[in-house]
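So that we are looking at the same thing, I have put the structure below in structure tokens.
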Amino acid sequence: MARRSEPLEIPEVDALPGYPLPHERNGLIGHQATEKALLNAYRSERLHHAWILGGPKGIGKATLAFRFAQFVIANPDRFGNDVANASDLAVPSNHPVALQMRAGGHPNILHLRRPWDEKSKRFKSDLPVDEVRRTVSFFGTTASAKAWRICIVDAADDMNANSANALLKILEEPPERCLFLVLSHTPGRLLPTIRSRCRRLDMTPLSEDDIRAGLKDLASDDIPGEEDLREIARTADGSLRSAITLLSGDGLAIAKGLRKLAEDAANADFSAVHTLGDLVAARGQTDNWESFQHITQIWLHEKMRQQLGKGVDQANELVQLWERTNTEIRDSDALNLDRKQVVLDFFLRLRDLKLS
């Protein structure tokens, strides 16, 4: 698939410059079992009105949600021959619904996500209640008797308490011929009352083969050598988004440098740490910052599993480092703080742990 040559004038949260957004994708990488489950549910006698698609960030939840939504809008008759004979949720690329989706969306699909704040020139830190309340006017408009209306919440993890309660209210009294596709990176943390009103489908991380196939599909002009491609697929930990950010900017250099320094943190050369920090915090290189976040979490997770076999205390110290680093990352994003300092603090604390 060709990369977009022109960026969107109004930015999309989590957009990767030069790469298609989920609603612009024709294909789906992996997740055939989950796709089949949604197809079978759609043509069954009883279709649940709300679904949680759960799994780590960047594995394709939004792509599958839009693929399902597009299929439903294009095939409103659940018991028609086209649905009965379908083997997947694909819609021909020249279908009017597919053309509308690639052009920017469809009037019967409401996509809720963190909005852009024009005043601060930043995305809001949460999914506010006013966004969720857009469902009132969306479902209140008149539609044809056969039309479906679909709300995609992307992602539910971004909701605050007020917006979560607003979503719960409409889930409790769903309109006719509506579907809710609620995306969540950590479904277990959603309100129990929201979870109880949804069917849940957990999506697993992509295989390394899927990651390599996805990169070859989406980034055919920028594919590295086979050795680097394997390193990216391994480090991405099942997330195609993470693989793309590693491929962009200095992601691969950050991955190699961070792992090397972290494995011998007690003796780390702090001039090299400063160099890594400059790379992560380089002006305009948001891919570098995102790569650092992903790689530190993957490395800490691997190290925690190793330390559990040696003793609980050091594993607990790593959990505390994980939580402290994530807090500093969130604060840095929310308050526009120095990203390099987050890198330095991570290695200073890691050095003090003196891992065996």
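Readers should treat all values here as calculations from the given coordinates under stated rules, not as data from a laboratory. Treat the numbers as computed from the prediction; the structure is a model and nothing was measured. All Cβ positions, even for glycine, are placed from backbone atoms using ideal geometry, and neighbour counts span all protein chains on display.
Which value in nm describes the separation of the simple spin-label points at His49 and Lys169, placed 7 Å from the Cα toward the beta carbon?
1.6 nm
How high is the relative contact order of the range 243-339, in percent, with contacts defined as C-alpha pairs under 8 Å that are six or more residues apart? Please report the intermediate quantities before stating the final value.
Working: 68 pairs, mean separation 26.2, N = 97.
Answer for the range 243-339 is 27 percent.
How far is the Cα center of the range 137-195 from the Cα center of the range 234-302, in Å?
35 Å
Let me ask another. FRET efficiency for Ser93 and Lys354, Cβ-Cβ distance as r, R0 = 35 Å, nearest 0.05? List each step's numbers first, then the result.
Numbers: r = 57 Å, r/R0 = 1.62.
So the FRET efficiency works out to roughly 0.05.
Read phi for every residue in the range 82-98 and hand back ³J(HN,Hα) as whole Hz from Karplus 6.51 cos²θ - 1.76 cosθ + 1.60, θ = phi - 60°, with x for Gly and Pro.
4, 6, 4, 8, 5, 9, 7, 9, 5, 10, x, 5, 9, 5, x, 5, 5
What residue among Gly251, Gly309, Gly60 shows peak mean-square fluctuation when the chain is described by a Gaussian network model with Cα springs under 10 Å?
Gly309
Whole-Hz ³J(HN,Hα) for each residue in the range 180-189, computed from phi via Karplus 6.51 cos²θ - 1.76 cosθ + 1.60 with θ = phi - 60°, x for glycine and proline: what do you get?
Computed from phi, the couplings for the range 180-189 are 10, 10, 9, 8, 8, 7, 9, x, x, 8 Hz.
Still on this structure: Report relative contact order for the chain in percent, whole number only (criteria: Cα-Cα under 8 Å, sequence separation at least 6). Don't jump to the answer; show the numbers that get you there.
On the way: 479 pairs, mean separation 61.0, N = 356.
The normalised contact order for the chain reaches 17 percent.
Here is a follow-up. Provide the percentage of antiparallel DSSP beta bridges, counting only those with both residues in the chain; round to the nearest 5.
Working: 2 of 21 bridges.
About 10 percent, rounded to the nearest 5.
Hey, can you grab everything whose amide H is under 5 Å from the amide H of Leu110? Only 5+ residues off in sequence or another chain; H modelled, so Pro and N-termini drop out.
Ile150, Cys151, Ile152
Still on this model: Given a Förster radius of 41 Å and the C-beta distance between Thr204 and Ser271 as r, what FRET efficiency does 1/(1 + (r/R0)^6) yield to the nearest 0.05? Spell out each step's value before the answer.
On the way: r = 41 Å, r/R0 = 0.99.
The value I calculate is 0.50.
Report, to two decimal places, the Cα Rg of the range 205-356 normalised by 2.2 N^0.38 Å (N = number of residues). Before the final figure, lay out each step's value.
Details: Rg = 15.6 Å, N = 152, 2.2 N^0.38 = 14.8 Å.
Rg over 2.2 N^0.38 Å, computed on Cα atoms: 1.05.
For Val182, enumerate residues with amide H under 5 Å from its amide H, sequence gap 5+ or separate chain, H modeled in the peptide plane.
Counting only residues 5 or more places away or on other chains, the set is Trp51, Ile52, Leu53, Val153.
A follow-up question, please. Which of these values of volume of the Cα convex hull per residue in Å³ was calculated from the structure shown: [x] 155; [y] 130; [z] 187?
[x]
Give the lysines whose C-alpha is closer than 28 Å to that of Lys36, dropping any in the same chain fewer than 8 places away, or say none.
Partners within reach: Lys57, Lys61, Lys146, Lys216.
Turning to a different aspect of this structure: Run the numbers on the range 70-148 and let me know its relative contact order in percent, using alpha-carbon pairs under 8 Å that are six or more apart.
Taking the mean separation of contacting Cα pairs over the length of the range 70-148, I get 30 percent.
How far apart, in nm, are the 7 Å Cα→Cβ label points at Asp130 and Asn81?
5.0 nm
How far apart, in nm, are the 7 Å Cα→Cβ label points at Val312 and Ala15?
4.9 nm
Just to be sure I understand: if I project the alpha-carbon convex hull of the range 278-356 onto a plane and average over all orientations, what area do I get in nm²?
Details: hull surface 19.8 nm².
For the range 278-356, averaging the hull's shadow over all directions gives 4.9 nm².
At 0.36 nm per residue, minus the direct Cα-Cα distance, what do Glu263 and Glu302 gain on full extension? Give it in nm, one decimal, please. Each step should come with its number before you reach the end.
Numbers: separation 39, 0.36 × 39 = 14.04 nm, distance 1.13 nm.
Value of the extension gain: 12.9 nm.
Restricting to DSSP H runs of at least four residues, report the calculated mean residue ellipticity at 222 nm for the chain, -39500 (n - 2.57) per run over all residues, nearest 500 deg cm²/dmol. It would help to have the intermediate numbers written out before the result.
Working: 16 runs with 181 residues, N = 356.
Helix contribution divided over all residues of the chain: -15500 deg cm²/dmol.
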